[in-house]
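Nothing in this text is a laboratory measurement; each read-out follows from the coordinates by a stated rule. The structure displayed is predicted, hence computed values, not measured ones. Virtual Cβ from ideal backbone geometry, glycine too; neighbours counted across all protein chains shown.
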Amino acid sequence: MIESDSTRSLARILIVDDSAFMRTALARMIKSEAGFEVVGTACTGADALEKIAALDPDVVTLDLQMPGMDGLEALRHIMTDFPRPVIMVSAATEKDAEITFNALSAGAFDCVPKQMSSSSLEIAHIRSDLISKIHAACQARHPGLPHSLCRKPPQPAYQRGADFRRVNPAIVAIGTSTGGPRALEQILPRLPGDFPIPIMIVQHMPASFLASFAQRLQSLCAIEVHEARDKEIIRPATVYVSPAGLHTRVQRGTPGSQVFISLDRNPADALHIPSADVLMESLAKLYGNRAMGVILTGMGCDGSQGMKAIHHAGGLTIGQDEATCTVYGMPRACAELGVLIRVVPLSEIPGELLQAVRRSMHA
C-alpha cells in the first residue's frame, strides 16, 4: 500500500544503477542523511519503472548507461507515467555529458557526476552535491506534471517604478542553477545572431559538464556562445559562459579602453565558483545604469547581492517568476531584497531582452 504524502515522515529515494558498487555507495551516502530513506534499488530501466509504480518514491537517482532500456529512455517514461524529480548520475565523459543535457531537457531535475574513487575528499564532495540536490528536489514541484496540476498560474509581470522605460543596457549578466540548462535553452535560441550587446552567464553545474554545456548552447543558437577566456575582449552578439572553478569579472584597463574578461579564484572561499554575485557586481561597477541582470531558477541565493548592486546602480533587473521556476531560490532571494524591476514567466524573458536592447539602440 502506498502511503499518502501526509503520513510520510522521511523522503523516499529510489536508486537506479546497473553497478552494484554504485548502488551500495549511493545508498550509504543517502542513508547517512537524517530525513532520507532508501526505499529500494533497481539495476535496469525496466526494473526502475516497476519499482516506481510499486514504491512511489519522492526522488529517483538514475544512471545513464544501463543495459536494455537506458537512463534517457527510462526518464522519458518516468516523466510521462510517474512524473517526479529525477537526478541523473552520470560519468563525466563527453558522450555522457551530451546525454545528460538531453536528460535535463527531457525533464530531469539535476545531475551529479559519477566519479567514485577511494579518496575520502572526493567521496565527501560527491555526497555533499548529491544530498543538497535531493533536498532541493524534495522541495521542488514535480517538473513533469502539467502546470495546471502542480503550479500556480503565471502571475502578470510586475514593474517597480518607471526605471524600466529609461534603461539603456550595454551588457547582460544571467545567473542560474538548478533548472538553468532547460531555461537557457528556452531563452538563448530565441535571440538573433546580431543581438547587439554581450551576454555573460554563470550556470552552477558540475565542472566536468560546463565546457560541453557551452558547446551544446552554441549548437542550438544563432548567437555566438563559448566559454569565457581570460583577457578576452568582450564583443556584441556573443554569449560568454563562465568556466568551472573560476570567477568571471569584466574590467577595463584604462578609461576609454576596451572591456575584457578577468578570470581568477578570488574570493577562493565563495560558496559558488563561479559566482553570479562576483560577475554582476563587476558589471554594476563598470557599467553602472547600463548594466542589466537576469536571475533564473536555482537553489540558494547566489546573484542576490549582484542584482542588488545592479539595481542600486540604476540598471535593469529581471527575475523569473515562481510559477515557472524548477527551484524558486535565487529569484526568491532577489525578490525578498526588493531589487527586481521586472518579474516575468520564463517564456517572456527573451522578449524582455529584445525590448531592452531595442530601446538601447534607439536611445
Report task. Could you work out how far apart the two model spin labels at residue 229 and residue 337 are, taking each label as a point 7 Å from the Cα in the direction of the beta carbon, and quote it in nm? Result -> 3.2
**Report entry** Counted charge near residue 262, where neighbours are those whose Cβ lies closer than 13 Å (Asp, Glu -1; Lys, Arg +1)
**Finding:** +2
Query - Cα shape, region 233-324, gyration tensor, a/c 1.5 rule - result: oblate
Requested in this report: Give me the distance between the Cα centres of region 239-301 and region 303-363, rounded to whole Å.
Outcome: 16
Requested in this report: Express in nm, to one decimal, how much length is gained between residue 132 and residue 190 on full extension, taking 0.36 nm for each residue of separation and deducting their alpha carbon distance.
Outcome: 17.7 nm
Requested in this report: Quick one: order 217, 296, 26 by neighbouring beta-carbon count within 10 Å, fewest to most.
Outcome: 217, 26, 296
Requested in this report: Could you tell me whether region 158-361 comes out rounded, prolate or oblate from its Cα gyration tensor? Rule is a ≥ b ≥ c as square roots of the eigenvalues, rounded for a/c under 1.5, then prolate if a/b exceeds b/c, otherwise oblate.
Outcome: rounded
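So what is the calculated 222 nm ellipticity per residue for the chain, using -39500 (n - 2.57) for each DSSP H run with n of 4 or more, over all residues, to the nearest 500 deg cm²/dmol?
Calculated at 222 nm, the ellipticity per residue is -11000 deg cm²/dmol.
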Report task. For an R0 of 41 angstrom, estimate the FRET efficiency from the Cβ-Cβ distance between residue 37 and residue 105 and round to the nearest 0.05. Result -> 0.85
**Report entry** For 55, 49, order by how many other beta-carbon atoms lie within 10 Å, fewest first
**Finding:** 55, 49
Report summary line: When 56, 269, 302, 81 are ranked with the fewest other C-beta atoms within 10 Å first, the list becomes 269, 81, 56, 302
